[in-house]
1. What is the extension gain from residue 222 to residue 354, computed as 0.36 nm multiplied by their sequence separation minus the C-alpha to C-alpha distance, in nm to one decimal?
2. Taking every pair of alpha-carbon atoms in the stretch 312-366, give the share separated by more than 12 Å as a whole percent.
3. Would you please put 123-132, 327-336 in order of how densely packed they are, using the mean number of other Cβ atoms within 10 angstrom per residue and starting with the highest?
4. Fully extended, how many nm does the chain gain between residue 189 and residue 309 (0.36 nm per residue separation, minus their Cα-Cα distance)?
5. Once R0 is set to 30 Å, what does the formula 1/(1 + (r/R0)^6) return for the Cβ-Cβ distance between residue 120 and residue 197, expressed as a FRET efficiency to the nearest 0.05?
6. Subtract the Cα-Cα distance of residue 58 and residue 320 from 0.36 nm times their separation in residues, and report this length gain in nm to one decimal.
7. The stretch 103-224: Rg/Rh from Cα coordinates, Kirkwood Rh?
8. Can you compute the modelled spin-label distance between residue 160 and residue 102, with each label point 7 Å from Cα toward Cβ, in nm?
């Protein structure tokens with residue numbers, strides 16, 4: 001069987017590589033005792049290159065096409081070794097096929113957080129990850145510097161080294177951009193192009209071309225993300241007092257649809273307005289950049305509490321509106337929208353009643369002249 005294998009290997013005169021993988025960079029053609037016949041056919045497909053190595057020394061390099069191995073096609077090897085004609089193999093050499101196509105979707109990431117100085121948040125630790133693409137630019141350099149005598153070299157064997165180079169360089173590039181961390185995600189394309197420009201020369205030292213670098217995501221510390229979310233929420237809410245009134249009115253409307261809901265809504269409305277005033281004052285001081293001063297401690301007898309401000313709901317055009325304070329109610333009276341017969345409601349009332357029955361509105365109607373008789 002060993003003799004038959006030897007004879008069969010010598011009779012085979014077609015040297016080629018059919019790559020059925022997606023990650024093989026280099027493949028050594030198997031030949032019995034590394035013997036190549038005179039007039040053998042070398043078939044190199046698109047996206048491939050063939051390198052002849054004789055006793056560890058570069059013999060010749062072939063690009064895509066069909067090549068007949070003769071002294072004319074192998075001038076370097078012919079100089080290194082004399083050719084012997086006949087059935088006996090004229091020389092011994094290793095044939096390495098190198099894939100020159102692009103290898104995409106290779107992953108990279110920062111080995112640790114990168115510290116950046118941000119004008120809004122101060123020193124921030126940022127991480128990033130993404131994908132990159134490579135292709136073999138110089139097969140001879142790649143074999144000499146990386147693959148060596150490996151019979152089958154894949155992207156997995158070099159990926160840790162390459163992604164480590166990207167991860168380390170991004171820790172240099174990100175602080176140099178001087179982009180606020182809140183805007184980093186909108187600058188990922190610029191970041192990727194800068195990384196490619198910085199790292200490509202070190203890849204070329206391996207005979208590899210770095211064709212693309214993508215930054216897919218930038219990670220921020222949880223406390224920074226929470227601060228960004230809170231700032232966005234406050235900008236969306238706007239006026240805290242108006243927001244609290246809106247929420248209270250909705251709560252009263254929902255309570256009115258339930259038995260006994262209006263009484264509970266009245267209590268909730270009073271609590272809501274009190275909390276709304278406190279929150280609005282606190283937020284106003286925070287956004288103005290001024291700390292809130294605490295009230296001085298009381299000395300002697302404490303003054304009595306201020307009387308509660310009137311808050312009245314009014315039925316306008318068949319719908320509940322309000323609540324309104326005395327100033328707003330006076331404007332409604334003067335515009336004719338609020339009359340003595342208009343239904344109103346306030347906290348403590350069992351049901352809606354006409355405005356004329358509410359004692360607080362007596363002075364308002366008294367300052368408005370009656371309608372001119374027809």
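1. That pair, residue 222 and residue 354, stretches by 42.0 nm at full extension.
2. On the way: 910 of 1485 pairs.
Beyond 12 Å sits 61 percent of the P(r) for the stretch 312-366.
3. Numbers: 123-132: 19.2, 327-336: 14.3.
Answer by packing, highest mean first, reads 123-132, 327-336.
4. Details: separation 120, 0.36 × 120 = 43.20 nm, distance 5.72 nm.
Full extension of this stretch gives 37.5 nm more.
5. Working: r = 28 Å, r/R0 = 0.94.
Using R0 = 30 Å, I get an efficiency of 0.60.
6. Working: separation 262, 0.36 × 262 = 94.32 nm, distance 9.19 nm.
That works out to 85.1 nm of additional length.
7. Values: Rg = 15.9 Å, Rh = 15.3 Å.
Radius of gyration relative to Kirkwood radius: 1.05.
8. Distance between label points: 2.8 nm.
Any read-out appearing in this document is the output of simple, stated calculations on the displayed coordinates, not a laboratory observation. Fair warning: this is a prediction, and the values are worked out from it, not measured in the lab. Positions of Cβ are backbone-derived with ideal geometry, glycine not excepted, and every protein chain shown enters the neighbour counts.
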